[in-house]
1. What pairs come out if I take residues in segment C:196-224 that are within 22 Å of residue B:239 (Cα to Cα) and pair them with residues that are of a type in the set (Asp, Glu) whose C-beta lies under 6 Å away, six or more apart or interchain?
2. Taking the condition on the phi > 0 side of the Ramachandran plot, within 20 Å of the chain's Cα centre (by Cα) and free of Cβ contacts under 8 Å to residues at least 60 places away in the same chain, does residue A:58 pass?
3. Return yes or no: is residue B:264 of a type in the set (A, V, I, L, M), within 9 Å of chain C (Cβ to nearest Cβ) and closer than 25 Å to residue C:119 by Cβ?
4. Restricting to segment C:248-273, name every residue that is in contact with a helix residue (DSSP H, G or I) (Cβ under 8 Å, 6 or more places away or on another chain), assigned to a helix (DSSP H, G or I), more than 8 Å from chain B (Cβ to nearest Cβ) and modelled with pLDDT of 80 or more.
5. Could you list, in sequence order, the residues of segment C:232-244 that are of a type in the set (D, E, K, R) and either more than 7 Å from chain B (Cβ to nearest Cβ) or surrounded by fewer than 20 Cβ atoms within 10 Å (Cβ to Cβ) (or both)?
6. Within segment A:186-211, work out how many residues are farther than 29 Å from residue A:15 by Cα and acidic (Asp, Glu).
7. Has segment B:210-223 got any residue that is over 26 Å from residue B:111 (Cβ atoms), out of contact with any Leu (no Cβ under 9 Å at 6 or more places or on another chain) and surrounded by 15 or more Cβ atoms within 10 Å (Cβ to Cβ)?
Amino acid sequence: MAEIQIKGVAKTFGAFTALHSVDMTIADQEFMVLLGASGCGKTTLLRIIAGLETASQGEVWIGGRRIDHLPPRHRGIAMVFQNYAVFPHLTVFENVAFGLRMQKLPETEVKRRVQRTAELMHIDALLGRYSGQLSGGQRQRVAVARALAMEPDVILMDEPLSNLDALLRLEMRAELKGILAESKTTTIYVTHDQVEAMSLADRIAIMHGGRILQAADPIAIYRNPAARFVGAFIGNPPMNFLPAEATPEGWTVAGELFAGPDAPGPLEFAIRPEDLRPAETGLPATVRIVEPLGPHLLVTCDVAGRALRAVLDSDLRLRPGDRIHLAPAADRVRWFDPKTDLAVTP
Amino acid sequence: MPSRGLPYLLLMPAAIFLAVFFLYPFTLVAWEAFSGADGGLTLAHFATMAGNWKFSSALENTLLLAIAVVPIQTAMALAMAVLVTKIQRGRDVVLYIFTIPLGISDLAAGLIWFAIFDQTGFLNSALHTLGVVKEPVIWLGYQNRWVIFLAVMLAEIWRATAIMLVILVAGLGLIPKEYSEAAEVFGAGPWQRFRRVTLPLLRPSLQTALILRTILAFEVFAVVYALGGNNLPILMGQTFHWQFDLQDYHVAAALAMVILGISIGFTLVLLRVLRVPKGAGI
Amino acid sequence: MTDTATIRQRGRRLTQAAVVLLCGWVLGPIYLLVLNAFSAPDAVTGFPKRWLPGFDLHSLRMFVEFQGVAEALWNSVLVATLTMILSIALGAPAGYALSRFDFRGKTAFRVLVLMTRAFPLPLLALPLAVMFIRVGLDDTPLGLALVHTTLALPFAVLITFSLFSGLPVELEEAAWTLGCNRAQAFRKVILPLVLPGIAASAIFAFVISWNEVFAASVLTVQHRTLTAFLLTSLDVSPLPLKFAGGFVLVLPALIFIFAVRKYLFAMWGIANR
């Protein structure tokens with residue numbers, strides 16, 4: 001059992017606060033992705049869990065054991081680094097065996113485990129090579145193999161795929177998902193790539209400004225963003241936001257009336273681009289830019305002086321200047337309070 | 001991993017060493033230079049120093065040497081550094097040859113050029129063979145002080161250009177090729193590219209090289225001694241003379257303060273003249 | 001109109017000529033020293049000189065057998081070796097600390113190190129000469145090595161700083177996550193990777209000491225180093241002795257510079273900052 005509990009972990013670097021009291025529980029064998037833009041604190045949090053950074057406040061527990069005072073080697077973790085950190089003076093075999101030998105395992109056991117993980121990661125033909133003789137993708141495999149060979153309670157991954165080219169990244173992503181599910185290890189995976197996060201995660205924690213804004217499964221994050229930032233960050237193109245005015249009949253958005261939550265003051269109306277359909281009635285929009293993307297059209301419109309993006313069927317014939325109406329799917333409309341930037345539920 | 005005390009532990013030995021063998025002795029030199037027999041402060045040692053008939057010529061020679069040598073070295077080092085970047089084949093060999101003098105002591109350099117300028121040396125041999133002179137000329141005698149000066153100049157340029165070269169080559173390596181290529185696209189010729197792109201970007205390295213070299217130029221000692229004996233007085237030589245032959249540590253210390261003062265003065269000037277505006281570096 | 005290819009070719013010719021000329025400028029004087037060192041004593045003092053070496057070892061033998069030379073050579077090696085050990089032992093930990101940690105006082109230390117380069121360091125020999133007499137270090141190889149270490153230490157710090165900075169910190173961190181403590185990670189991962197560079201900076205320290213003249217001449221009396229010996233006997237020693245001595249002084253430096261040539265530019269490139 002390797003459940004990870006993060007209790008009130010905060011980190012300040014001088015006057016800069018990298019993490020504001022983060023609380024999070026990651027279940028045994030869960031694949032948790034920390035997602036956010038650079039500087040959001042995700043790597044700092046990962047490094048605090050690894051023991052490479054010391055938290056200014058708070059506790060970290062792994063498997064019911066408080067470990068934040070322990071050095072990395074006593075935490076039962078293994079880590080894959082963004083630049084792989086494959087030791088250049090050691091062969092692939094020696095790299096993968098490094099941690100096992102540090103544990104003083106008998107050499108036959110070391111050999112067995114290196115061989116097994118090497119086969120798993122398809123690097124068994126490279127065991128005699130040095131890192132300088134490997135491609136980026138191969139180095140990445142060595143780094144993962146080195147972590148897996150430790151059979152750790154927890155694997156920590158810091159943007160492990162970001163240095164690979166697009167095609168290789170796609171291939172490794174699928175492979176990693178399979179292997180890590182198989183290994184039944186609790187995984188914390190840091191990335192800034194939302195597609196990567198969606199495809200890999202059991203749960204995604206969206207981080208921004210040193211805080212976790214929302215931690216939920218990928219679909220929940222996508223459908224029901226808990227904060228405006230989450231909606232704007234996840235999805236490509238991102239969610240559309242329009243101001244909504246309260247009237248006795250409901251909420252008016254660009255002159256159109258919508259049923260919404262029972263809340264005082266102005267709200268923000270939010271809808272994802274693919275949840276808009278051209279219709280006879282709906283938001284009045286002037287087409288500005290039309291980008292044919294193959295399966296669909298990405299249309300940027302002007303709605304009451306605001307830009308609004310819609311993903312529409314590519315059979316539509318649209319030209320800049322056309323005036324159309326866009327109808328939002330009623331069950332996909334979301335509302336945010338502009339004062340708190342948090343979601344308001346009806 | 002937490003490591004609050006570790007950096008200090010690692011730094012401590014070097015810091016203590018520098019405090020004991022660098023900072024402390026310098027306060028001692030300063031104290032020696034300014035302290036009188038009664039324990040009070042005095043400028044008497046500076047007066048004694050300046051009163052010595054060799055002091056003014058030593059000061060003059062040292063400054064003249066630096067002023068004559070350093071600009072030539074800078075130009076040569078720049079030219080050599082640019083040449084090196086232009087070579088395609090045999091670059092490593094050329095670089096090694098260019099940097100050989102880096103490993104040669106000033107004394108050895110003095111001896112090497114002594115072999116050329118000595119009465120029975122290679123210069124006279126060549127001139128004799130060519131029929132220019134019949135009898136070997138005494139080039140390095142006290143009556144030919146300007147020849148000694150020239151010989152020292154040549155030896156210094158020969159020996160100490162390499163250190164500037166190395167700094168400049170390293171500096172050139174830090175400048176991305178794209179800047180020069182962009183300038184070429186915008187119509188700059190080779191000289192303009194060097195003058196308007198490379199040289200300004202090289203300023204930090206140039207500054208380092210010049211400061212280091214200028215300070216070393218004021219410390220010139222063994223080259224002069226090997227080539228001219230006492231015929232060409234220089235500040236370091238005078239310091240050695242007061243310390244060693246006359247055993248007057250106070251005056252030697254006063255001379256040291258003079259050398260130090262000149263070094264700091266020139267360093268400040270170079271820092272000011274060649275300063276890189278904030279944010280204008282590579 | 002001349003086409004670009006012709007201009008390029010002319011430029012290349014010019015470059016080659018300049019390179020050959022400059023190589024000649026550097027190597028020529030060394031050749032003349034070697035020529036003298038490998039000529040018979042009477043050829044060295046004779047006139048006019050011959051331009052080809054006679055491969056005569058009499059001058060060199062005379063030098064080596066000259067009273068005091070063997071001891072001076074030994075002292076030079078001893079002082080240079082001590083300097084090398086001291087500067088690496090003191091400098092490498094400092095270089096590591098500077099490259100790996102952020103801490104209060106870091107800037108102050110860097111300034112101290114850089115400051116040493118703005119001072120004419122051989123002058124330190126003056127007060128230290130007095131100080132050493134008091135503590136019994138006068139005229140000893142260790143005393144001189146301490147002064148030479150002030151010369152070499154700043155370089156050792158800056159060079160090792162650049163060496164350690166060149167290694168990604170993740171290598172060490174990876175070792176920690178794989179079961180190493182700090183010392184083990186350093187020994188198993190960092191040390192093997194920086195060892196060649198450390199060796200180069202050690203050699204550099206050796207050369208700095210080997211070549212130093214002023215402090216050596218001030219601080220040694222009975223136990224002269226080679227440079228001090230040559231300098232103080234310049235007036236009295238015959239020509240063949242001087243040139244053979246110069247050659248012996250130059251030879252190890254040539255070999256050492258060759259050995260560290262790969263690191264020369266990396267060292268100075270960073271020492272720049």
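1. C:220/C:139; C:221/C:139; C:222/C:139; C:223/C:139
2. Working: on the phi > 0 side of the Ramachandran plot: yes; within 20 Å of the chain's Cα centre (by Cα): no; free of Cβ contacts under 8 Å to residues at least 60 places away in the same chain: yes.
The answer is no for residue A:58.
3. Values: of a type in the set (A, V, I, L, M): yes; within 9 Å of chain C (Cβ to nearest Cβ): yes; closer than 25 Å to residue C:119 by Cβ: yes.
The answer is yes for residue B:264.
4. C:248, C:252, C:259
5. First, pick out the residues of segment C:232-244 that are of a type in the set (D, E, K, R): C:235, C:242.
Result: C:235, single match.
6. 2
7. Filtering segment B:210-223 for residues over 26 Å from residue B:111 (Cβ atoms) gives B:210-211.
Next, only the ones that are out of contact with any Leu (no Cβ under 9 Å at 6 or more places or on another chain) stay: none.
Within segment B:210-223, none of the residues are over 26 Å from residue B:111 (Cβ atoms), out of contact with any Leu (no Cβ under 9 Å at 6 or more places or on another chain) and surrounded by 15 or more Cβ atoms within 10 Å (Cβ to Cβ).
Matching residues to (1) under 30 Å from residue C:120 (Cα atoms); (2) in contact with a helix residue (DSSP H, G or I) (Cβ under 9 Å, 6 or more places away or on another chain); (3) surrounded by 24 or more Cβ atoms within 10 Å (Cβ to Cβ); (4) within 9 Å of another protein chain (Cβ to nearest Cβ):
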position: C:142; (1), (2), (3), (4): yes, yes, no, no
position: C:171; (1), (2), (3), (4): no, yes, no, yes
position: C:211; (1), (2), (3), (4): yes, yes, yes, yes
position: C:230; (1), (2), (3), (4): yes, yes, yes, yes
position: C:246; (1), (2), (3), (4): yes, yes, yes, yes
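The values are calculated or read from the model by the stated rules, or taken from the named source; none is laboratory data. None of the values given here were measured: they were computed from a predicted structure. Note that we place each Cβ from the backbone using ideal geometry, even for glycine, and neighbour counts take in every protein chain shown.
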